[in-house]
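Below: one structure, written as structure tokens.
The values are calculated or read from the model by the stated rules, or taken from the named source; none is laboratory data. Nothing here was measured: the structure is a model prediction, and the numbers come from that model. In this analysis, Cβ positions are derived from the backbone assuming ideal geometry, glycine residues included, and neighbour counts consider all displayed protein chains. These accessible areas exclude ligands, DNA and RNA; they are computed on the full protein's heavy atoms, side chains included. Shrake-Rupley method; radii C 1.70, N 1.55, O 1.52, S 1.80 Å.
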Amino acid sequence: MPSPAATVISRLAAAGAPYLGFSAGAMVSSREALTGGYRINGVEVCREECSKGLDAVDIRRGLGLVPEDVHAAQAGTLSRAVGAVAAGMVEWAVAIDEGTAVVLESAGGKEYGVMGSGNCWDIRHSGGDPTVSVRAAG
């Protein structure tokens, strides 16, 4: 059950109010928030230092605005997002580099723009295997 604040924020964003989150604020904006962990089915998918104290990759319900994981290249968590999609834990993930933002036309949309100095790594299921595409600001 989402918190009252999460419900209000999701409703406001769906109605067109802008939402901007940094680090944890960006992480919770996703549909399924990759909150931590470094193993999937016992296999390491990123460094333990990125685990937030969790062993298994943990996915929790977020605000539902965008599918994402943050600090991708810089923290080495791109592999965690790819692993979560490959394991079927999430259908779609966007791993966002530091200094970079996803810009959605509408909350919950699947199309987005990228702004900033890094990349967004779009990871989706494609015939059972994940596909990764890189989107840069442009």
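Annotations for the structure displayed:
- Nearest-ten-degree value, helix 4-14 long axis tilted from longest Cα axis of the chain: 70
- Peptide packing for 4-13, 93-102, 55-64 was compared via the average number of neighbouring C-beta atoms within 10 Å per residue; ordered from the highest value, the list is 93-102, 55-64, 4-13.
- For the pair residue 136 and residue 43, the difference between a 0.36 nm per residue extended length and the Cα-Cα distance amounts to 30.5 nm.
- Å² of accessible area per residue within the range 34-134, as computed with a 1.4 Å probe and no ligands counted: 48
- Which of 84, 36, 108, positive extreme of dipole for the range 1-113 (C-beta unit charges): 108
- Relative packing of peptides 19-25, 125-131 - highest average C-beta neighbours within 10 Å first: 19-25, 125-131
- Remark on the range 19-138: Rg and Dmax equal 13.0, 38 Å (Cα only).
- Accessible-area composition of the chain, carbon plus sulfur, in percent [1.4 Å probe]: 56
- Cβ-derived FRET efficiency at R0 35 Å, residue 56 paired with residue 110, nearest 0.05: 0.80
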